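Trainee: Input: one structure, supplied below.
The values are calculated or read from the model by the stated rules, or taken from the named source; none is laboratory data. Here the structure is a predicted model, which means the values were calculated and not measured. Cβ: placed from backbone, ideal geometry, glycine included. Neighbour counts: every protein chain shown. Remember, those area values only see protein heavy atoms, side chains included, never the ligands or the DNA or RNA. Shrake-Rupley method; radii C 1.70, N 1.55, O 1.52, S 1.80 Å.
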Amino acid sequence: TVKRPLQGLLAIVTSGPTHEPIDPVRYIANRSSGRQGHAIAEALRKAGATVTLVSGPVSLPDPDGMSVVHVETADEMRGAVEASLPADIAVFVAAVADWRVASESAQKIKKNGGGPPQLTLAENPDILASIGHHPRRPALVIGFAAETDDLLDNARRKLAKKGADAIFANDVSPAGGVMGGADNTLRLVTADGVEDWPKLAKAEAAARLVAWIVRRMGRGEDR
Ligand code: C5P
């Protein structure tokens, strides 16, 4: 086997949630732990790629042997990804908040007897879509689609809309325990069709995903 098949290639991985501030002490977030994204960054590094991991707030240690950029908001994540271009491979695993609070309060919002505050939300930039349609688009752009329903339809739609080569769809219904859990069940959706993967530990899923990347980049055995 080729020991470091991705040697010489640059890869960007986004991982974790984003935090969107409401006021100095509060934020909107989601249940992403960063475990799958970090595992993919590690697997890419093991395969020889030069990796930049752009991570939202997580409680995981920084993986060794790569540059890790810590961000909080979707806007910061987009900036960090843009700043990491050019790249050959980009894998968008982060659970980016779709919305942020339109104007963050400079002061802590108080209970003032006037009832609960009304938060106006604004749409966040879609980082995957902006890179998928970017003038300096990496050769291989991969996204995830965390869904609780209509998994395949949504994944197929995202493939086209976001300009991705592949979408890994996963069911994040609470019963599956994927968000924050140790295992993941992925369905690989490309223009060629759908491939169902078995339930795997996140490190195993990462290794299999990177093996797919190696083949797709023409870096496999039969090179
Ligand atoms: O549209 P949805 O959030 O389901 O898309 C999920 C995919 O898009 C993931 O790969 C995620 O990392 C990426 N994404 C992004 N920026 C956003 C929203 C999603 O990069 N604002």
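Trainee: What single numbered condition from (1) closer than 20 Å to V71 by Cα; (2) away from the ligand (no atom under 14 Å from the Cβ) fails to hold for G115?
Mentor: So G115 meets the others, but not (1).
Trainee: Among the residues of region 178-218 satisfying the criterion of being among the charged types (D, E, K, R) and farther than 16 Å from A166 by Cβ, which is most open to solvent (accessible area, probe 1.4 Å)?
Mentor: First, pick out the residues of region 178-218 that are among the charged types (D, E, K, R): 183, 187, 192, 195-196, 199, 202, 204, 208, 215-216.
Pick out the ones that are also farther than 16 Å from A166 by Cβ and you get 183, 199, 202, 204.
Details: D183: 58, K199: 133, K202: 16, E204: 106 Å².
Looking at the filtered set, the residue picked out is K199.
Trainee: Can you tell me which residues in region 1-37 are among the hydroxyl-bearing types (S, T, Y), open to solvent by less than 20 Å² (accessible area, probe 1.4 Å) and touching a strand residue (DSSP E or B) at 6+ places or on another chain (Cβ under 7 Å)? Walk me through it before giving the result.
Mentor: Quick first cut of region 1-37, residues among the hydroxyl-bearing types (S, T, Y) only: 1, 14-15, 18, 27, 32-33.
Subsequent filtering for residues that are open to solvent by less than 20 Å² (accessible area, probe 1.4 Å) retains 14-15, 18.
The answer is T14, S15.
Trainee: Examine region 56-63 for a residue that is within 20 Å of A11 (Cβ to Cβ), open to solvent by less than 20 Å² (accessible area, probe 1.4 Å) and not β-branched (V, I, T), and state whether such a residue exists.
Mentor: Kept after step one, since they are within 20 Å of A11 (Cβ to Cβ), are these residues of region 56-63: 56, 58, 60-63.
Applying the additional criterion that residues be open to solvent by less than 20 Å² (accessible area, probe 1.4 Å) yields 56, 63.
Applying the additional criterion that residues be not β-branched (V, I, T) yields 56, 63.
Yes; the residues of region 56-63 include at least one that is within 20 Å of A11 (Cβ to Cβ), open to solvent by less than 20 Å² (accessible area, probe 1.4 Å) and not β-branched (V, I, T).
Trainee: Starting from region 82-104, take each residue that is modelled with pLDDT of 95 or more and list its partners that are among the basic types (K, R) and open to solvent by 40 Å² or more (accessible area, probe 1.4 Å), counting only C-beta distances under 8 angstrom and pairs at least six apart or across chains.
Mentor: Short answer, once both residue conditions are applied: L85/R136; P86/R136; A95/R31.
Trainee: Would you point out which residue out of V81, V69 is within 15 Å of the ligand (Cβ to nearest atom), among the β-branched types (V, I, T) and part of a helix (DSSP H, G or I)?
Mentor: Selected residue: V81, the only one of V81, V69 that is within 15 Å of the ligand (Cβ to nearest atom), among the β-branched types (V, I, T) and part of a helix (DSSP H, G or I).
Trainee: Quick one: how many residues across region 153-177 are modelled with pLDDT of 85 or more and either touching a helix residue (DSSP H, G or I) at 6+ places or on another chain (Cβ under 9 Å) or open to solvent by less than 40 Å² (accessible area, probe 1.4 Å) (or both)?
Mentor: First pass over region 153-177, keeping only residues modelled with pLDDT of 85 or more: 153-170.
Next, from what is left, pick out any that are either touching a helix residue (DSSP H, G or I) at 6+ places or on another chain (Cβ under 9 Å) or open to solvent by less than 40 Å² (accessible area, probe 1.4 Å) (or both): 154-155, 158-159, 161-170.
Residues that pass the stated criteria total 14.
Trainee: What about R35, is it farther than 27 Å from P174 by Cβ and modelled with pLDDT of 95 or more?
Mentor: Numbers: farther than 27 Å from P174 by Cβ: no; modelled with pLDDT of 95 or more: yes.
Judged against the criteria, R35 is not a match.
Trainee: Consider region 96-112. How many of its residues are out of contact with any strand residue (DSSP E or B) (no Cβ under 6 Å at 6 or more places or on another chain) and within 10 Å of the ligand (Cβ to nearest atom)? Outline the logic, then answer.
Mentor: Here is the first cut: in region 96-112, the ones out of contact with any strand residue (DSSP E or B) (no Cβ under 6 Å at 6 or more places or on another chain) are 96, 98, 103, 106-107, 110-112.
Applying the additional criterion that residues be within 10 Å of the ligand (Cβ to nearest atom) yields 96, 98.
The number of residues fulfilling the criteria is 2.
Trainee: Determine which member of the set E147, E123 is within 12 Å of the ligand (Cβ to nearest atom) and exposed (fewer than 15 other Cβ atoms within 10 Å of the Cβ).
Mentor: Values: E147 fails: exposed (fewer than 15 other Cβ atoms within 10 Å of the Cβ).
So the residue among E147, E123 that is within 12 Å of the ligand (Cβ to nearest atom) and exposed (fewer than 15 other Cβ atoms within 10 Å of the Cβ) is E123.
Trainee: Follow-up. Quick check on A139: is it of a type outside the set (D, E, K, R), touching a residue at least 60 places away in the same chain (Cβ under 8 Å) and either surrounded by fewer than 19 Cβ atoms within 10 Å (Cβ to Cβ) or closer than 27 Å to R219 by Cβ (or both)?
Mentor: Numbers: of a type outside the set (D, E, K, R): yes; touching a residue at least 60 places away in the same chain (Cβ under 8 Å): yes; either surrounded by fewer than 19 Cβ atoms within 10 Å (Cβ to Cβ) or closer than 27 Å to R219 by Cβ (or both): yes.
Taking the combined requirement at face value, the residue satisfies it.
Trainee: Has region 9-17 got any residue that is assigned to a loop (DSSP other than H, G, I, E, B) and either within 20 Å of A182 (Cα to Cα) or of a type in the set (F, W, Y) (or both)?
Mentor: Here is the first cut: in region 9-17, the residues assigned to a loop (DSSP other than H, G, I, E, B) are 9, 16.
Now narrow it down to the ones that are either within 20 Å of A182 (Cα to Cα) or of a type in the set (F, W, Y) (or both): 16.
Looking through region 9-17, at least one residue is assigned to a loop (DSSP other than H, G, I, E, B) and either within 20 Å of A182 (Cα to Cα) or of a type in the set (F, W, Y) (or both).
Trainee: Determine, yes or no, whether W197 is closer than 23 Å to T50 by Cβ, among the aromatic types (F, W, Y) and over 16 Å from the mean Cα position of the chain (by Cα). Explain how you work it out, then say what you get.
Mentor: Working: closer than 23 Å to T50 by Cβ: no; among the aromatic types (F, W, Y): yes; over 16 Å from the mean Cα position of the chain (by Cα): yes.
For W197, the condition - closer than 23 Å to T50 by Cβ, among the aromatic types (F, W, Y) and over 16 Å from the mean Cα position of the chain (by Cα) - is not met.
Trainee: Pull out all pairs, ordered by first then second residue, where Cβ-Cβ is under 9 Å, the residues are six or more apart or on different chains, the first lies in region 156-169 and is of a type in the set (K, R), and the second is more than 9 Å from the ligand (Cβ to nearest atom) and assigned to a loop (DSSP other than H, G, I, E, B).
Mentor: Here the result reads K162/H133, each pair linking region 156-169 to a residue that is more than 9 Å from the ligand (Cβ to nearest atom) and assigned to a loop (DSSP other than H, G, I, E, B).
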